[in-house]
1. In percent, how large is the relative contact order of region 88-152, given Cα pairs closer than 8 Å and 6 or more residues apart?
2. Once you put a point 7 Å from the Cα of E140 and another 7 Å from the Cα of L79, both along the Cβ direction, what distance in nm separates them?
3. With charges set only on the Cβ (+1 for Lys and Arg, -1 for Asp and Glu), what does the dipole of region 13-146 come to about its Cα centre, in debye to the nearest 20?
4. Write down the Å³ per residue value for the convex hull defined by the alpha carbon atoms of region 88-152.
5. What are the ³J(HN,Hα) couplings of region 110-126, residue after residue, when phi is run through the Karplus curve with 6.51, -1.76, 1.60 and θ = phi - 60°? Round to Hz, x for glycine and proline.
6. Given the alpha-carbon gyration tensor of the chain, what are the semi-axes of its equivalent ellipsoid in whole angstrom, ordered largest first, with each equal to the square root of 5 times an eigenvalue?
7. Karplus couplings for region 73-87 from phi (6.51 cos²θ - 1.76 cosθ + 1.60, θ = phi - 60°), rounded to Hz, Gly and Pro as x?
8. How high is the relative contact order of the chain, in percent, with contacts defined as C-alpha pairs under 8 Å that are six or more residues apart?
Amino acid sequence: MDKAYLTKQGLEELKLELEDLKTNKRKENLEALKEARAQGDLSENADYDSARNEQAELEARIKEIEGILKNYEIIKEDLSNKVNIGKTVTININDVIEETYTIVGALETDPQRNRISNESPIGKGIIGTEKGDKLKIKTEANKEVMVKIVDVK
């Protein structure tokens, strides 16, 4: 597994999620399994099948988070003027659209909150640049866009 880059907040959120999965969600799932078993014949019991599927997803997520927590790196505060993970960057795309993004590790990507991955084409393309730099980046749709770095915080 590749190293996961996390903010301090992202790390805390993962730890809380893991705790909730282990203490609350597992208990809820076991209750659902008990109730489904009490219905009798398990061969055609949709509730039992659903609870088993939920249990498999729950255990997979627990294992995934535990794996992340064994191999992560906290994004360190970077006081330079260069774009890097953890920085908030305002960019101008094709001299038309101005957007502000925070560059985060892939696990914390959230486009609705303008948090883009350092592994995304734009994220990868602007890492290491500075305010005023202009560059061409190929998007996921294989389309070239002109990007100007307007501000780095």
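1. On the way: 121 pairs, mean separation 22.6, N = 65.
Dividing the mean separation by the residue count of region 88-152 yields 35 percent.
2. 3.7
3. Working: 22 positive and 29 negative charges, 119 e Å.
Here the size comes out at about 580 debye.
4. Working: hull volume 5.1 nm³, N = 65.
Taking the convex hull of the Cα positions in region 88-152, it is 78 Å³ per residue.
5. 8, x, 5, 9, 6, 10, 10, 6, 5, 9, 6, x, 5, x, 5, x, 9
6. Details: eigenvalues 371, 64, 25 Å².
Largest first, the chain gives 43, 18, 11 Å.
7. 9, 6, 5, 7, 5, 10, 8, 6, 8, 8, 5, 7, 4, x, 8
8. Worked out over the chain, it gives 23 percent.
The numbers here are math on the coordinates, done by the rules we state, and not lab data. All values derive from a computational prediction rather than experimental measurement. Quick reminder, even Gly has a Cβ in these numbers, built from the backbone with ideal geometry, and neighbours come from all protein chains shown.
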